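Notes follow the structure.
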Amino acid sequence: MESEVLRVASSLFGGREVTTEKEVERIAIRAIFIALKERALKLDAKNLIDEVKESFLTEPISLNSLHFSERVELEGFVFCHTHTCKPSKEQFEDALYEYHKSIRLLDNYQTMRGVVSNFFKGYQEREGLVREYAKGKYRYAVFFSLIDDLADDLPHHLDFAGKYDGEYVVVTPTEDSIDPFLTFFKRHSEDVKKAGLKVWVVNTIDRTIDPFIGYPKDFLLLKGFRNPKLATMVNSWWRVSVEEID
């Protein structure tokens with residue numbers, strides 16, 4: 001299991017040689033889901049995430065693992081790079097961009113978890129990398145992701161949605177603009193709807209949740225959305241708007 005997770009995590013870097021600890025943690029979460037899929041349900045992944053970080057940043061534990069052995073501090077940020085790499089300005093800029101993406105997920109993780117737990121109030125909650133909420137005939141699996149990461153990893157999420165005996169929801173935090181959501185809707189909304197995958201968005205400042213694509217079958221949950229009609233509005237409005245997005 002470790003070896004496969006490390007292999008997937010290494011591949012997610014796409015040949016990049018400069019990173020940060022925060023990005024490695026975000027990559028580890030994605031890699032564990034991709035490698036394990038339904039086995040990630042109710043999985044306490046903390047130790048596995050720590051093992052990926054240790055292998056990438058401290059001491060490699062597998063031949064499948066990248067190793068960012070060198071450290072450089074610039075303007076208060078600590079960057080890590082491979083031993084053979086002499087980082088360029090562009091590589092540092094790319095790593096800093098990924099750092100800021102990563103903290104948008106990781107720093108808001110607890111807030112999103114709290115919002116979702118409150119949304120499913122009255123349900124039995126089972127913690128894990130993929131959390132599960134159950135009540136009577138209803139079961140919901142929930143995974144937290146950035147909208148861009150969801151797009152990149154979508155085939156794996158569609159596969160999970162097809163195999164899970166219940167409803168699968170990916171919850172994302174809001175972004176600085178709606179462009180990533182417009183792009184996602186244009187490129188992926190039909191596949192997402194066909195698979196029964198749901199995508200909901202948490203405003204981490206207001207601590208509210210809204211449907212972006214898909215509604216729960218338990219209609220009593222609708223009252224928990226700030227704007228229950230949003231997914232319907234998105235579907236009707238954005239079919240025109242997305243034509244302008246590359």
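A short reminder: the numbers here are calculations on the coordinates, not readings from a lab. Quantities reported herein were computed from a predicted structural model and do not represent experimental measurements. When we count neighbours, we look across all protein chains shown, and the Cβ atoms used for this are built from the backbone with ideal geometry, even at glycine.
Quick notes on this one:
- Distance between modelled label sites at Glu21 and Glu175, nm, 7 Å Cα→Cβ extension: 2.8 nm
- With neighbour counts taken as other beta-carbon atoms within 10 Å, the residues Arg30, Arg207 rank, fewest first, as Arg207, Arg30.
- A full extension of the chain between Met233 and Arg39 corresponds to an added length of 66.4 nm, given 0.36 nm per residue minus the alpha carbon distance.
- Our estimate of slack between Gln110 and Phe219, defined as 0.36 nm per intervening residue step minus the Cα-Cα distance, is 36.7 nm.
- Lys163/Glu190 FRET efficiency (R0 25 Å; Cβ-Cβ; nearest 0.05): 0.80
- Summing +1 for each Lys or Arg and -1 for each Asp or Glu among the other residues whose beta-carbon sits under 12 angstrom from that of Ile147 gives -4.
- Estimated dipole of region 5-75 in Debye, rounded to 20 [Cβ of Lys and Arg +1, of Asp and Glu -1, Cα centre]: 480 debye
- Percent of alpha-carbon pairs separated by more than 16 Å within region 105-195: 57 percent
- In sequence order, region 7-24 has phi-based couplings of 4, 5, 4, 4, 5, 5, 6, x, x, 5, 10, 10, 8, 9, 4, 5, 5, 4 Hz under the Karplus curve 6.51 cos²θ - 1.76 cosθ + 1.60, θ = phi - 60°, and Gly or Pro positions carry x.
- Region 2-106 - Rg and Dmax from Cα coordinates, angstrom: 13.3, 41
- Antiparallel DSSP beta bridges within region 143-240, as percent of all bridges there, nearest 5: 40 percent
- Lys-Lys pairs in region 110-244 that are eight or more residues apart or on separate chains and whose Cα atoms lie under 13 Å of each other come to 5.
- Region 1-80 and region 167-203 have their alpha-carbon centroids 25 Å apart.
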